[in-house]
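What follows is a short report on a single structure.
The values are calculated or read from the model by the stated rules, or taken from the named source; none is laboratory data. If you're wondering where the values come from, they're calculated on a predicted model, not measured in any experiment. FYI the Cβ positions are ideal-geometry reconstructions off the backbone, even for glycines, and counts take in every protein chain you see. To get the accessible areas, we keep the full protein, side chains included, count just its heavy atoms, and leave off ligands, DNA and RNA. Shrake-Rupley method; radii C 1.70, N 1.55, O 1.52, S 1.80 Å.
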Amino acid sequence: MKSGNELDIIDSTRGKVLSDRHVTGENMFLIWGYPTEVFLLLEFISMQIWNAEWCMWLWAGIPLVGVPLMFVSFHKEHMETHRTERREYIIMRIWIFIGIASCVTGFATGFTGIYEECFFGILCLLCGFGCFLTGEQLHFRPMVSCGVAGSLLSVTLFCLQDELWQWQIPASALIFVITLIIPGHIFRKHVRYYGI
(Lines give C-alpha, C1' and ligand atoms only; values in the text may rest on other atoms or scores of the structure.)
Protein backbone atom coordinates (compact mmCIF):
# COMPACT_ATOMS: atom_id res chain seq x y z
CA MET A 1 0.00 0.00 0.00
CA LYS A 2 1.33 3.43 -0.92
CA SER A 3 2.03 5.91 1.81
CA GLY A 4 0.47 9.38 1.89
CA ASN A 5 3.82 10.90 0.92
CA GLU A 6 4.04 8.82 -2.29
CA LEU A 7 0.47 9.72 -3.24
CA ASP A 8 1.28 13.42 -2.76
CA ILE A 9 4.27 13.08 -5.09
CA ILE A 10 2.14 11.32 -7.75
CA ASP A 11 -0.59 13.95 -7.44
CA SER A 12 1.84 16.87 -7.68
CA THR A 13 3.55 15.25 -10.71
CA ARG A 14 0.18 14.79 -12.41
CA GLY A 15 -0.70 18.43 -11.67
CA LYS A 16 2.62 19.61 -13.11
CA VAL A 17 2.08 17.62 -16.32
CA LEU A 18 -1.41 19.10 -16.74
CA SER A 19 -0.19 22.63 -16.06
CA ASP A 20 2.71 22.21 -18.52
CA ARG A 21 0.35 21.36 -21.36
CA HIS A 22 -0.04 24.38 -23.61
CA VAL A 23 -3.19 25.64 -25.24
CA THR A 24 -2.38 24.87 -28.86
CA GLY A 25 -5.55 25.51 -30.82
CA GLU A 26 -4.76 22.26 -32.59
CA ASN A 27 -8.27 21.97 -34.03
CA MET A 28 -8.63 25.60 -35.12
CA PHE A 29 -7.57 25.09 -38.73
CA LEU A 30 -9.96 22.15 -39.11
CA ILE A 31 -12.75 24.11 -37.40
CA TRP A 32 -12.38 26.78 -40.11
CA GLY A 33 -11.39 24.45 -42.96
CA TYR A 34 -14.29 22.04 -43.15
CA PRO A 35 -17.14 24.59 -42.85
CA THR A 36 -15.35 26.71 -45.48
CA GLU A 37 -15.21 23.75 -47.86
CA VAL A 38 -18.87 22.89 -47.26
CA PHE A 39 -20.16 26.43 -47.80
CA LEU A 40 -17.98 27.10 -50.86
CA LEU A 41 -19.04 23.86 -52.55
CA LEU A 42 -22.67 24.54 -51.59
CA GLU A 43 -22.36 27.99 -53.16
CA PHE A 44 -20.82 26.58 -56.35
CA ILE A 45 -23.46 23.84 -56.72
CA SER A 46 -26.27 26.32 -56.00
CA MET A 47 -24.91 28.74 -58.61
CA GLN A 48 -24.83 25.92 -61.18
CA ILE A 49 -28.40 24.84 -60.42
CA TRP A 50 -30.23 28.14 -59.84
CA ASN A 51 -27.80 30.77 -61.15
CA ALA A 52 -29.45 33.19 -58.70
CA GLU A 53 -27.83 36.16 -57.00
CA TRP A 54 -28.79 34.95 -53.51
CA CYS A 55 -26.43 31.99 -53.94
CA MET A 56 -23.47 34.37 -53.70
CA TRP A 57 -24.32 35.10 -50.07
CA LEU A 58 -23.92 31.51 -48.87
CA TRP A 59 -20.29 32.30 -47.92
CA ALA A 60 -21.70 34.23 -44.93
CA GLY A 61 -22.33 30.87 -43.25
CA ILE A 62 -18.56 30.34 -42.86
CA PRO A 63 -18.01 32.88 -40.05
CA LEU A 64 -21.43 32.11 -38.54
CA VAL A 65 -20.23 28.53 -37.97
CA GLY A 66 -16.47 29.09 -37.59
CA VAL A 67 -16.39 31.89 -34.98
CA PRO A 68 -18.54 30.13 -32.33
CA LEU A 69 -16.71 26.82 -32.87
CA MET A 70 -13.35 28.58 -32.47
CA PHE A 71 -14.38 30.19 -29.18
CA VAL A 72 -15.78 26.88 -27.86
CA SER A 73 -12.57 25.07 -28.81
CA PHE A 74 -10.29 27.64 -27.14
CA HIS A 75 -12.52 27.77 -24.05
CA LYS A 76 -12.48 23.96 -23.77
CA GLU A 77 -8.68 23.86 -24.02
CA HIS A 78 -8.35 26.66 -21.50
CA MET A 79 -10.61 24.83 -19.04
CA GLU A 80 -8.58 21.63 -19.46
CA THR A 81 -5.18 23.26 -19.04
CA HIS A 82 -6.07 26.29 -16.85
CA ARG A 83 -3.60 28.44 -18.75
CA THR A 84 -3.36 30.41 -21.93
CA GLU A 85 -0.14 31.85 -23.28
CA ARG A 86 0.41 35.12 -25.07
CA ARG A 87 0.98 33.46 -28.44
CA GLU A 88 -2.41 31.72 -28.26
CA TYR A 89 -4.07 35.09 -27.71
CA ILE A 90 -2.11 36.50 -30.66
CA ILE A 91 -3.12 33.59 -32.91
CA MET A 92 -6.76 33.88 -31.89
CA ARG A 93 -6.71 37.63 -32.58
CA ILE A 94 -5.11 37.05 -36.00
CA TRP A 95 -7.97 34.73 -36.97
CA ILE A 96 -10.64 36.97 -35.47
CA PHE A 97 -9.22 39.81 -37.55
CA ILE A 98 -9.24 37.60 -40.67
CA GLY A 99 -12.84 36.58 -39.98
CA ILE A 100 -13.96 40.20 -39.52
CA ALA A 101 -11.96 41.39 -42.55
CA SER A 102 -13.46 38.60 -44.67
CA CYS A 103 -17.01 39.53 -43.63
CA VAL A 104 -16.47 43.24 -44.29
CA THR A 105 -14.85 42.47 -47.66
CA GLY A 106 -17.69 40.12 -48.61
CA PHE A 107 -20.43 42.60 -47.82
CA ALA A 108 -18.53 45.54 -49.33
CA THR A 109 -17.79 43.72 -52.60
CA GLY A 110 -21.32 42.29 -52.73
CA PHE A 111 -23.06 45.64 -52.34
CA THR A 112 -20.68 47.52 -54.65
CA GLY A 113 -20.98 44.94 -57.43
CA ILE A 114 -17.32 43.85 -57.55
CA TYR A 115 -17.87 40.51 -55.75
CA GLU A 116 -17.00 38.46 -58.84
CA GLU A 117 -13.80 40.39 -59.53
CA CYS A 118 -12.02 40.22 -56.20
CA PHE A 119 -13.80 38.63 -53.22
CA PHE A 120 -12.38 35.10 -53.45
CA GLY A 121 -8.88 36.34 -54.28
CA ILE A 122 -8.86 38.60 -51.21
CA LEU A 123 -10.39 35.88 -49.01
CA CYS A 124 -7.76 33.30 -50.01
CA LEU A 125 -4.96 35.86 -49.66
CA LEU A 126 -6.12 36.68 -46.11
CA CYS A 127 -6.32 33.00 -45.22
CA GLY A 128 -2.87 32.26 -46.65
CA PHE A 129 -1.45 35.21 -44.74
CA GLY A 130 -3.14 33.97 -41.53
CA CYS A 131 -1.73 30.48 -42.04
CA PHE A 132 1.75 31.96 -42.56
CA LEU A 133 1.54 34.17 -39.43
CA THR A 134 0.23 31.30 -37.32
CA GLY A 135 3.06 29.06 -38.51
CA GLU A 136 5.57 31.79 -37.66
CA GLN A 137 4.11 32.21 -34.16
CA LEU A 138 4.22 28.45 -33.55
CA HIS A 139 7.57 27.97 -35.35
CA PHE A 140 5.91 25.26 -37.45
CA ARG A 141 7.40 25.10 -40.95
CA PRO A 142 4.71 23.02 -42.73
CA MET A 143 2.16 25.68 -41.79
CA VAL A 144 4.44 28.48 -43.00
CA SER A 145 4.95 26.66 -46.33
CA CYS A 146 1.21 26.07 -46.79
CA GLY A 147 0.54 29.75 -46.02
CA VAL A 148 3.04 30.91 -48.63
CA ALA A 149 1.67 28.44 -51.22
CA GLY A 150 -1.93 29.52 -50.56
CA SER A 151 -1.06 33.21 -50.79
CA LEU A 152 0.74 32.71 -54.11
CA LEU A 153 -2.09 30.61 -55.54
CA SER A 154 -4.69 33.19 -54.48
CA VAL A 155 -3.27 35.60 -57.08
CA THR A 156 -4.40 33.22 -59.85
CA LEU A 157 -8.04 33.78 -58.82
CA PHE A 158 -7.88 37.34 -60.17
CA CYS A 159 -7.30 35.80 -63.63
CA LEU A 160 -10.66 33.97 -63.55
CA GLN A 161 -12.96 36.78 -64.66
CA ASP A 162 -16.09 37.28 -66.79
CA GLU A 163 -17.54 33.89 -67.85
CA LEU A 164 -14.94 32.04 -65.79
CA TRP A 165 -15.62 33.81 -62.47
CA GLN A 166 -17.73 30.95 -61.05
CA TRP A 167 -14.64 28.75 -61.23
CA GLN A 168 -13.08 30.98 -58.58
CA ILE A 169 -15.25 29.11 -56.06
CA PRO A 170 -13.87 25.55 -56.55
CA ALA A 171 -10.38 27.03 -57.03
CA SER A 172 -10.81 28.79 -53.67
CA ALA A 173 -11.95 25.51 -52.11
CA LEU A 174 -8.70 23.92 -53.33
CA ILE A 175 -6.66 26.80 -51.88
CA PHE A 176 -8.45 26.40 -48.54
CA VAL A 177 -7.51 22.72 -48.54
CA ILE A 178 -3.88 23.86 -48.84
CA THR A 179 -4.07 26.66 -46.26
CA LEU A 180 -6.44 25.15 -43.67
CA ILE A 181 -7.13 21.42 -43.95
CA ILE A 182 -3.67 20.07 -44.84
CA PRO A 183 -1.75 22.15 -42.24
CA GLY A 184 -4.56 21.51 -39.74
CA HIS A 185 -4.17 17.74 -39.97
CA ILE A 186 -0.36 17.93 -39.96
CA PHE A 187 -0.37 20.22 -36.93
CA ARG A 188 -2.94 18.14 -35.05
CA LYS A 189 -0.89 14.99 -35.62
CA HIS A 190 2.29 16.81 -34.55
CA VAL A 191 0.69 18.05 -31.31
CA ARG A 192 -0.73 14.63 -30.49
CA TYR A 193 2.58 12.79 -31.00
CA TYR A 194 5.23 15.32 -30.06
CA GLY A 195 3.55 18.18 -28.23
CA ILE A 196 4.54 21.77 -28.96
> Failed condition for LEU64, given (1) open to solvent by 50 Å² or more (accessible area, probe 1.4 Å); (2) at pLDDT below 80, with all others met?
Replying inline: (2)
>> Just to be sure I understand the filter: pairs with C-beta atoms under 8 Å, separated by 6 or more residues or on different chains, first member in the stretch 73-99 and over 24 Å from LEU123 (Cβ atoms), second member modelled with pLDDT under 70 and open to solvent by 100 Å² or more (accessible area, probe 1.4 Å). Which pairs pass?
In response: none
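Can you find, within the stretch 41-55, the residue that is modelled with the lowest pLDDT among those that are assigned to a helix (DSSP H, G or I) and either open to solvent by less than 20 Å² (accessible area, probe 1.4 Å) or of a type in the set (Gly, Ala, Ser) (or both)?
Kept after step one, since they are assigned to a helix (DSSP H, G or I), are these residues of the stretch 41-55: 41-50, 53-55.
From what's left, either open to solvent by less than 20 Å² (accessible area, probe 1.4 Å) or of a type in the set (Gly, Ala, Ser) (or both): 43, 46-47, 55.
On the way: GLU43: 87, SER46: 88, MET47: 84, CYS55: 76.
Restricting to residues being assigned to a helix (DSSP H, G or I) and either open to solvent by less than 20 Å² (accessible area, probe 1.4 Å) or of a type in the set (Gly, Ala, Ser) (or both), the top hit is CYS55.
Okay, residues lined up against (1) more than 13 Å from the chain's Cα centre (by Cα); (2) surrounded by 12 or more Cβ atoms within 10 Å (Cβ to Cβ):
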site: SER154; (1), (2): yes, yes
site: CYS159; (1), (2): yes, no
site: GLU163; (1), (2): yes, no
site: GLN168; (1), (2): yes, yes
site: VAL177; (1), (2): no, yes
site: ILE181; (1), (2): no, yes
site: GLY184; (1), (2): no, yes
site: PHE187; (1), (2): no, yes
site: VAL191; (1), (2): yes, yes
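Being assigned to a helix (DSSP H, G or I), farther than 18 Å from CYS131 by Cα and polar (S, T, N, Q), is that true of even one residue in the stretch 164-180? Talk me through it step by step, then tell me what you get.
Start the filter on the stretch 164-180 by keeping residues that are assigned to a helix (DSSP H, G or I), which leaves 164-180.
Next, only the ones that are farther than 18 Å from CYS131 by Cα stay: 164-170.
Remaining after also requiring polar (S, T, N, Q): 166, 168.
Yes, there is a match, as at least one residue in the stretch 164-180 is assigned to a helix (DSSP H, G or I), farther than 18 Å from CYS131 by Cα and polar (S, T, N, Q).
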> Mind checking which residues of the stretch 129-150 are under 23 Å from ILE169 (Cβ atoms), modelled with pLDDT of 95 or more and not hydrophobic (A, V, I, L, M, F, W, C)?
Replying inline: GLY147, GLY150
> Can you tell me which of ILE96, ILE100 is at pLDDT below 85, open to solvent by 60 Å² or more (accessible area, probe 1.4 Å), part of a helix (DSSP H, G or I) and not small (Gly, Ala, Ser)?
Replying inline: ILE100
